[in-house]
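Remarks on the structure that follows.
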Amino acid sequence: MEEIADTFSVSRPTMYRHLTAQHEGRDCVLVVYRNRKAKTDASNRRLGETGRDDDVQLEADRKWWPIAPARRPLVKAIVYIADGTVARVRSVDPDLSKWREDDRGYADVPVSRKPLDDLQIAKQLPTLGLRNGDKRPHVCGKLREYVVL
C-alpha cells in the first residue's frame with residue numbers, strides 16, 4: 001500500500017479514504033487538471049482548454065474520460081482546473097443510457113451544456129468546497145482525481 005500511495009503522491013489515509021468512498025457508494029466529482037495551451041489529437045479534435053466558443057469547449061470537456069462503469073453513477077459533476085484555477089464546473093446527467101464508450105472503455109460523458117454558476121454549484125454540490133475562480137494548485141503528474149462529496 002505504501003508503494004501505491006507513493007506512486008500517486010498521496011498519503012495512505014487519503015488513498016484509503018478514496019478507495020473506501022467508492023465502495024461505500026458515495027457520490028463524487030471528477031477534477032480534471034489542464035493548462036491553457038490548446039492541443040489537438042490525430043483527428044484534429046481540440047482537447048483541454050480550447051479558447052474557442054462554448055460548443056467547441058463543450059465537445060472538449062465531455063470526451064473521453066477513463067471512468068469505470070461502477071463509478072459512473074456516483075460521478076455528479078466534472079470540475080475543470082485550468083492553470084491552478086477552477087475554470088468551470090459541469091454537472092453530469094444521471095441517465096446512464098446517455099453515456100457512450102469508445103473501444104478503449106473511455107466515456108463520452110453527458111455533461112450540462114452550460115457550466116454551473118456559483119449558486120448552482122452550492123445547490124447541487126453543497127459539500128464540494130470549490131467555486132468558479134477558486135485556486136486549486138496542480139500536483140505534479142496528476143491529470144485528474146476524484147473528490148468525494
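The values are calculated or read from the model by the stated rules, or taken from the named source; none is laboratory data. Note that the structure is predicted; figures quoted are calculated from it, not measured. Here the Cβ is made from the backbone with ideal geometry for all residues, glycine too, and neighbour counts use every protein chain on show.
Worth a mention:
- Any chance Leu143 is within 16 Å of the chain's Cα centre (by Cα) and within 19 Å of Arg26 (Cβ to Cβ): no
- Restricted to segment 61-149, the set of strands (runs of 3 or more DSSP E) holding at least 1 residues that are of a type in the set (Gly, Ala, Ser), at pLDDT 90 or above and surrounded by 15 or more Cβ atoms within 10 Å (Cβ to Cβ) comprises 75-82, 85-91.
- Scan of segment 23-60 for residues that are among the acidic types (Asp, Glu), part of a loop (DSSP other than H, G, I, E, B) and modelled with pLDDT of 80 or more, ordered by number: Asp27, Glu49, Asp53
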